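Here is the structure we will look at, set down as structure tokens.
The values are calculated or read from the model by the stated rules, or taken from the named source; none is laboratory data. Predicted, not measured: the structure shown is a model, and the values here were computed from it. Every residue, glycine as well, gets a Cβ built from its backbone with ideal geometry; the counts of neighbours run over all protein chains shown. Areas reflect the complete protein model, heavy atoms only, side chains present, ligands, DNA and RNA absent. Shrake-Rupley method; radii C 1.70, N 1.55, O 1.52, S 1.80 Å.
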Amino acid sequence: MASSTTGEKKILTLKGGDNEEFILEESLVLQSELLKNMVKEERVSSIPLPSIKSKTLVKIIEYLKKHAELTPSNKEEFKNFEKEFVNVVLEELLDITVAVNYLKINGLLEFCCQAVADRIKDKSVEAVRKIFRIESDFTPEEESEFRKETPEAFEGDLDDTTN
Amino acid sequence: EIIYDIFTRLPAKSVGQFRCVSKYWCSLLSDPKFIKIHLTLHSHKHLVDKLIVASHFLRTITFTHDAQGEIDVISRKLDLQQLSDHWLSVDGSCNGLVLAIRRGEAKYLINPTTLKYHKIPNFDLALPVSDSCSMYGFGYDVVNDDYKVVALSYYDIDEPDIVDTFVDIYSLRKGLWKRLGSSPYDHSLTDPASGVLVNGALHWFVSKTSNHPCVLVAFDLSDETFLELPVPPTDYNYSFFELVALRGRLCMFTKSNTITICLMENYNMSWTVLRLTVPSLHDSLCTPLCSMTDDDFVMEVDEKLVVYNMKEDDLWDLGVDVSCDMHTARNFIESLVCPSFGNGTEG
């Protein structure tokens, strides 16, 4: 890969949740505020990220690489890549979003949040509870009161799937 | 929390639904701070694709663009239960709240998205309805974080003893009316019109004195003063112009054989004047309503909604009949803003 940096490229190892190791150029991870601070202040060469699944980390590294190659001329291509990037099952998208939030990759975070919002906006209340693993703590009386006040919330044309 | 970032990006309707998910979500999504962030994030998108109009009932008109670029128009009656009928006009719109007037000059602030409403109390100094004429305006005062209703009223009986126009202001935060005093202008010579909100100020055409030409004034909602604005040179008397806000830009509109549109970009006091000759509209009355993009505007022409694209000089019918007076139509955004301060979610 062509690079304009002079001298030796620094190499960094990221360790995912299942101990899988990812070796990549240090310059790539600087897009993450969290990793940037770790690299700058502690001069580490290996960073364990036990809370992030390897599958998720693969996706994020793929994004970092694409984003690093972004130039004015391939903007369209990048946009398509972004679209494909979030075109995964919702559970995986949430994993990615949480990881991106933890790593503080700001541009991607906004994009992911919008993608999640677009995916859940037409979901039913029941589906949303399942997606975010939330038990309703309303009493049946309170819930039926709510149903009366905001009937659309329980209308049938909403999407009940959790994907 | 990440969930907060996601929620602020949801449309207002979805947020309303997801309040029923759990008690924690309900309190999170009803928090005034959340509602403000949500508003900021959504208002700058300038999605003015919703109109509200009064024709006995309140009716919302929604424009949606499908993937093929076609525009769908959905008209829906606003269900306010016991308040559903006897609406006369919509006189202002700001941050997802609208000011609507019901029979007997009863004024309400309504959020058409959440259906919460607030009845504005009567002002004990208000002029008697049968002998006077009132014009209203509604907007947000950034400095005091307050929503304000402005009423301009004067006696419209023959040879009144008092010729002043009184300026009364209702503060939503205080829940009170106050009389600011008399306006330095004569408001009785121009057609009664509600104030047009742009850049934190309400705009009206007024006269300085009985035989003085018309001027354009802005009433600043924060410092509560009038300021005269420059107007572009045109062939017509300004009293023939209608004011309208198109995507946050102040616009003067008039139609004779040609349509003349003066747009003030970025509120920088300089005007762009456009003259459009649309042969098919020669004998029609046109009312400008809103813009969907920076280059077009929607008008009501002979009880039909049409879109005119200024760039391509192209006119097309949206295929919607509107059999009501669109003069009081206002565009509004979907927001969660509560039409009353204090008691969080209750209307």
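Between B:LYS119, B:LYS178, B:LYS23, the Gaussian network model of chain B with springs among Cα atoms under 10 angstrom shows the greatest mean-square fluctuation at B:LYS23.
Only Lys, Arg, Asp and Glu count, each charged at its Cβ (+1, +1, -1, -1), so figure out the dipole size of chain B about its Cα centre, rounded to 20 debye. Display every interim value, and only then the final one.
Values: 29 positive and 46 negative charges, 292 e Å.
My answer is approximately 1400 debye.
Sparsely packed loop sites in the range A:14-84 (the trypsin sites (Lys or Arg not before Pro) outside DSSP H, G, I, E and B with at most 12 other Cβ atoms within 10 Å) comprise A:ARG43. Rounded to the nearest 5, what is the percent of antiparallel bridges among the DSSP beta bridges in the protein assembly as shown? Looking only at bridges with both residues in the protein assembly as shown, the antiparallel portion is about 95 percent.
Computing the accessible area with a 1.4 Å probe over protein heavy atoms, can you report the carbon and sulfur percentage for the protein assembly as shown? Ligands and nucleic acids excluded, carbon and sulfur give 50 percent.
Straight Cα distances below 14 angstrom link B:LYS148 to the aspartates and glutamates B:ASP91, B:ASP168, B:ASP220, B:ASP223, B:GLU224, with same-chain residues fewer than 8 positions distant left out. Spin-label model, B:THR272/B:SER75: points 7 Å from Cα along the beta carbon direction are separated by 3.1 nm.
Within straight-line reach of A:LYS123, meaning a Cα separation under 16 Å, sit the following lysines at least 8 residues removed in sequence or on another chain: B:LYS13. Dipole of the protein assembly as shown computed with +1 at Lys/Arg Cβ and -1 at Asp/Glu Cβ about the Cα centre; of B:ALA54, A:LEU12, B:ASN199, farthest Cα towards the positive end is A:LEU12.
For the range B:72-142, which chymotrypsin sites (Phe, Trp or Tyr not before Pro) are both in a DSSP coil and crowded by at most 12 other Cβ atoms within 10 Å? Taking the range B:72-142 and a limit of 12 other Cβ atoms within 10 Å, no loop chymotrypsin sites (Phe, Trp or Tyr not before Pro) are found. Dividing the radius of gyration of the alpha carbons in chain B by their Kirkwood radius gives 0.96 for Rg/Rh.
Think of it as helices only: each DSSP H run of n ≥ 4 in chain B is worth -39500 (n - 2.57), and spread over all residues that comes to -2500 deg cm²/dmol at 222 nm. Taking a 28 Å limit on the Cα-Cα distance, which of the listed pairs A:LYS148/B:LYS174; A:LYS148/B:LYS50; B:LYS116/B:LYS174; A:LYS40/A:LYS66; A:LYS66/B:LYS33 fall beyond it? Beyond 28 Å: A:LYS148/B:LYS174; A:LYS66/B:LYS33.
A 1.4 Å probe, protein heavy atoms only, puts the accessible area of B:ASP156 near 90 Å². Buried area at the B:A interface is about 2000 square angstrom, summed over both chains, from accessible surfaces computed with a 1.4 angstrom probe. Placing +1 on the Cβ of every Lys and Arg and -1 on the Cβ of every Asp and Glu, with nothing else charged, gives the range B:1-44 a dipole about its Cα centre of roughly 140 debye. Residue by residue along B:9-15, Cβ atoms of other protein chains within 10 Å of the local Cβ number 5 on average.
Looking at B:PRO230, B:GLN82, B:GLY139, which one has the Cα that reaches farthest to the positive end of the dipole of chain B (charges on Cβ: Lys, Arg +1; Asp, Glu -1)? Value: B:GLN82. If the label point is 7 Å along Cα→Cβ of B:ASN122, which residues in the range B:128-144 have backbone nitrogen under 12 Å from it? Answer for this model: B:128-130.
Exceeding 25 Å between C-alpha atoms, which entries from my cross-link table qualify? They are A:LYS53/A:LYS83; A:LYS55/A:LYS130; A:LYS121/B:LYS311.
With Cα atoms farther than 25 Å apart: A:LYS121/B:LYS311.
Taking every residue in B:20-29 and counting other chain Cβ atoms within 10 Å of its Cβ, the average works out to 5. Charging the Cβ of each Asp and Glu at -1 and of each Lys and Arg at +1, and nothing else, the dipole of chain A about its Cα centre rounds to 1020 debye.
The residues neighbouring A:SER51, those whose beta-carbon lies less than 12 Å from its own, together hold a net charge of 0 under the Lys/Arg +1, Asp/Glu -1 convention. Each residue, B:ASP220 and A:GLU143, gets one label point 7 Å from its Cα in the Cβ direction; the gap between the two is 5.4 nm.
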